[in-house]
Amino acid sequence: MRRTGETILLAFLFVVGGILFMVSCDGDESPVEGGMVAPGMIVFESDRDSGNYEIYAVSDTGGQNTRLTFTPDEEDRPDISLDGSKIAFRVDSGNGYEIAVMDRDGSNYTYLTSNSYYDSDARWSPDGSKIAFVADSSGDNEIYTMDANGSNVVRVTTRVGTNDNDPSWSNDGQKLVFLSDPDGNPDIFTISINGTGLNRLTTTSESEGDPAWSRNGQLIAYALTDSITGDRQINTINAANGSNLTNLSNNLFSEEDPYWSPDGNWIAFRSNRDGNLEIYVMRANGADQTRITNDPGIDQVPSWGR
């Protein structure tokens with residue numbers, strides 16, 4: 001009888017343990033605050049403390065904001081590498097705009113460019129080996145790439161009389177999406193990093209901005225100006241041909257600066273829906289829109305790394 005009782009007890013524990021194991025392994029996301037995967041870090045620009053734009057960091061679940069730059073220069077347009085180890089950004093020293101990098105805690109602040117031209121819009125490649133950026137050394141704004149240490153600068157776009165801005169990498173690191181204005185109005189294009197295969201995705205009369213290639217390579221998120229209200233909304237289109245336009249933010253406020261989470265399931269963006277510009281996140285389908293920052297200053301241009 002005792003052996004039978006022990007057998008029943010062991011069988012019971014086995015079944016309960018199996019259920020707990022299945023529950024713990026169910027789903028792709030860790031069940032932390034807001035249903036989001038942790039840890040993760042969002043960096044952004046803000047004028048909250050000094051009047052100049054500085055770079056700040058916050059957990060992707062919200063909470064305490066940490067200031068990372070403290071120079072008299074203005075630092076803005078940050079981009080954190082996918083692994084979360086490095087941040088590239090723009091510096092306005094008063095003598096022109098340059099590209100600099102630093103570690104995720106603000107240490108090892110290093111200039112990558114130092115010239116009399118306009119250098120801006122730095123974006124890390126998915127593997128962290130290269131940075132795409134914009135420079136006007138040719139007379140127009142063009143897209144370039146360089147190695148992570150600032151060497152091996154290569155020009156990608158070469159069209160005279162157009163301005164190319166806001167590059168973002170494809171998930172395989174072989175293409176860039178960017179804005180260009182051959183007709184006077186910014187539209188969305190893609191191009192291989194060797195300068196071939198230019199592909200135009202939008203031809204609207206409205207202004208597009210801030211294109212961001214999704215982590216799975218299928219979608220491009222961007223800000224589109226509403227032709228009636230003049231406000232911007234976060235939309236997605238098919239990365240291959242510009243089809244399937246989908247409004248994600250879908251409200252009467254101004255939403256810009258979309259940036260995909262490292263796992264591709266969320267999008268960070270900035271919004272004025274609460275009276276001033278703050279950082280928000282939402283799921284890739286537009287659901288669960290949640291405010292991450294809360295300050296009277298301007299918080300914008302979010303970037304999301306691990």
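The values are calculated or read from the model by the stated rules, or taken from the named source; none is laboratory data. If you're wondering where the values come from, they're calculated on a predicted model, not measured in any experiment. Positions of Cβ are generated from backbone atoms using ideal geometry, with glycine treated the same way; all protein chains shown enter the neighbour counts.
One residue stands out in segment 212-253 among those that are farther than 24 Å from Ile80 by Cα and of a type in the set (Ser, Thr, Tyr): the one that is surrounded by the most Cβ atoms within 10 Å (Cβ to Cβ), namely Thr225.
When residues of segment 256-296 are filtered for being over 23 Å from Gly217 (Cβ atoms) and of a type in the set (D, E, K, R), how many remain? So the answer is 7.
Only one of the listed residues (Asp181, Asp140, Asp172, Asp147) is within 24 Å of the chain's Cα centre (by Cα), of a type in the set (D, E, K, R) and over 13 Å from Ser125 (Cα atoms). That residue is Asp181.
For segment 93-150, the tally of residues that are more than 17 Å from Asp79 (Cβ to Cβ) and outside any loop (DSSP other than H, G, I, E, B) stands at 1. Step by step: first the residues of segment 164-201, then only those that are of a type in the set (A, V, I, L, M) and not in a strand (DSSP E or B), then the one that is farthest from Ser138 (Cα to Cα). Which residue is that? Checked segment 164-201; the qualifying residue farthest from Ser138 (Cα to Cα) is Leu201. Within segment 261-279, being assigned to a loop (DSSP other than H, G, I, E, B) and of a type outside the set (Ser, Thr, Tyr) holds for Pro262, Asp263, Gly264, Asn265, Asn272, Arg273, Asp274, Gly275, Asn276, Leu277. Among the residues making up segment 49-92, those that are without any contact (Cβ under 8 Å) to a residue 40 or more places away in the chain, of a type in the set (Gly, Ala, Ser) and in a loop (DSSP other than H, G, I, E, B) are Ser50, Gly51, Gly63. Inspection of segment 202-216 identifies at least one residue that is over 15 Å from the mean Cα position of the chain (by Cα) and assigned to a strand (DSSP E or B).
For Arg200, the requirement of being farther than 28 Å from Phe253 by Cβ and at pLDDT below 95 is not met. The set of residues from segment 174-197 being surrounded by fewer than 15 Cβ atoms within 10 Å (Cβ to Cβ) and at pLDDT 95 or above comprises Gln174, Ser192, Asn194, Gly195, Thr196, Gly197. Within segment 264-290, being among the polar types (S, T, N, Q), surrounded by fewer than 19 Cβ atoms within 10 Å (Cβ to Cβ), farther than 13 Å from Asn235 by Cα and more than 13 Å from the chain's Cα centre (by Cα) holds for Asn272, Asn276, Thr290.
Residues that are in contact (Cβ under 8 Å) with a residue 40 or more places away in the chain and among the acidic types (Asp, Glu) were ranked within segment 222-279; the one that is farthest from Leu179 (Cα to Cα) is Asp263.
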